[in-house]
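Working notes, beginning with the structure itself.
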Amino acid sequence: MAITTQHYLILSAILFTIGVIGVLIKRNPIVIFMCIELMLNAVNLSFVALGRHYGQINGQMYVIFALAVAAAEVSVGLGIIVAIFRSRETIDINEVNLMKF
Amino acid sequence: MSGESVSFWILALVSVFASIMMIVSKNPVRSALNLVITFLCVAGFYILLSAQFLAAVQIIVYAGAIMVLFLFVIMLLNLGAPEALIEKGSLQKPVAVGLGIFFVVLIISSQAILSLPQAVGRPSVTQYQGTVEAIGLSLFDPRQPWLFPFEITSILLLVAVIGAIVMAKRKV
C-alpha cells in the first residue's frame with residue numbers, strides 16, 4: 001500500500017489530538033507548553049504534506065515561519081513561567097488563576 | 001511494501017507512542033525526552049516528504065534549542081520530583097480523552113481528508129523542492145510574498161528576546 005497524503009493528514013490529526021488532550025488533562029504548565037509544541041508540529045507536518053501534494057513550496061515556507069513563531073513563543077512563555085514561580089512559589093495551573101475571571 | 005511505507009509506519013508508530021507517553025508520564029523530564037523522540041520522528045517525516053532543509057532545521061531548532069530551554073526551566077524550577085504536581089482523580093481526564101477521540105474521528109471523517117482534491121495542472125518537480133537552494137530562492141524572491149514576512153520575523157525575534165529578558169529579570 002502506497003503512502004498517500006491522506007496518511008500524513010490522518011497522522012497529523014492524531015498527533016494534534018494527543019496535544020489537545022495533553023493540554024486539557026495536564027496541570028503542569030511546562031508540560032502544557034510541550035503539548036502546544038506537539039500541536040504546532042502536527043500542523044507543520046500537514047503543511048508539508050499538503051505542499052508536496054500540490055507540488056508547491058509554499059507549505060514549507062509556512063513551516064519556516066511557524067517555527068520562528070514557536071521559538072519566540074517558547075522563550076517568552078517560559079520566561080513568564082519562571083516569573084510566576086518566583087512570585088508565587090508554585091506553577092500549578094489551578095493555583096495560578098490571576099487572570100481567570 | 002516499499003521502503004517509504006515501511007519507514008512511514010515505523011515513524012508513525014514511534015511518534016504516536018512517544019507522544020502518548022509524553023502526556024501519560026508524571027515526570028516532566030520524561031515528558032520532555034518523549035517529546036524529543038516525537039520531534040525526531042517528525043524530522044523523519046519531513047525527509048520522507050522531501051523537505052530536507054526543514055528536517056535539519058527541525059532537529060536544530062526543536063530538538064536542540066527548544067528542548068534545551070524546556071529542560072533548563074524544568075531543572076531550574078526543580079519540578080523533576082514526580083509528586084510535585086499530582087493530578088487528582090476527577091472527571092476532567094475521561095471527559096478530555098472522550099472529547100479528543102470525538103475530535104480525531106471528526107477530523108478523519110471530514111470531506112477534506114476523504115476526498116482530497118488533486119492538484120490543478122502538473123505539479124513541478126518535487127524531489128528538489130526541499131533543498132536549501134530552492135527554499136532560499138523562494139524566500140528571497142521579490143515576486144513571492146515571503147520577503148516581507150521574513151523581515152517581520154526578525155522584529156518578532158527581537159521582541160521575544162527583550163520580552164524574555166524582562167520577564168526573567170528579578171526586579172525592574
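Values quoted throughout were computed directly from the atomic coordinates according to the rules given, and no laboratory measurement underlies them. Model, not experiment: these values are computed from the prediction. FYI the Cβ positions are ideal-geometry reconstructions off the backbone, even for glycines, and counts take in every protein chain you see.
Listing for the model above:
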read-out: 37 °C / 0.692 mPa s Stokes-Einstein diffusion coefficient of the range B:131-172, Kirkwood radius on C-alpha pairs, µm²/s; value: 267
read-out: Cα-based equivalent ellipsoid of the protein assembly as shown: semi-axis lengths in Å, sorted from largest, via gyration tensor; value: 33, 24, 16
read-out: Pairwise label distance in nanometres, residue A:88 with residue B:56, each label 7 Å out on the Cα-Cβ vector; value: 4.3
read-out: Selected from B:19, A:85, B:145, residue furthest toward positive end of dipole (the protein assembly as shown; charges at beta carbon); value: A:85
read-out: Karplus-derived HN-Hα couplings along the range A:36-49 (A = 6.51, B = -1.76, C = 1.60, θ = phi - 60°), whole Hz, x at Gly and Pro; value: 5, 4, 4, 5, 4, 5, 4, 5, 4, 4, 5, 4, 5, 5
read-out: Chain B: most fluctuating residue of B:91, B:40, B:77 per GNM, C-alpha cutoff 10 Å; value: B:91
read-out: Whole-number D in µm² s⁻¹ for the range B:8-53, Kirkwood Cα-pair radius fed into Stokes-Einstein, 10 °C, 1.306 mPa s; value: 148
read-out: Cα-centre dipole for chain B with unit charges at Cβ (Lys and Arg positive, Asp and Glu negative), debye to 20; value: 560
read-out: Cβ charges +1 (Lys, Arg) and -1 (Asp, Glu), total dipole of chain A, debye; value: 60
read-out: Relative compactness, chain A, computed as alpha-carbon Rg over 2.2 N^0.38 Å; value: 1.33
read-out: The range A:18-55 versus the range B:1-69: alpha-carbon centroid distance in Å; value: 11
read-out: Lysine pair number, Cα distance threshold 16 Å (strictly under), the protein assembly as shown, separation 8 or more or different chains; value: 5
read-out: Per-peptide average of other Cβ atoms within 10 Å, ordering A:21-33, B:94-106 highest first; value: A:21-33, B:94-106
read-out: Extension gain from residue B:13 to residue B:76, taking 0.36 nm per residue of separation minus the Cα-Cα distance; value: 19.4 nm
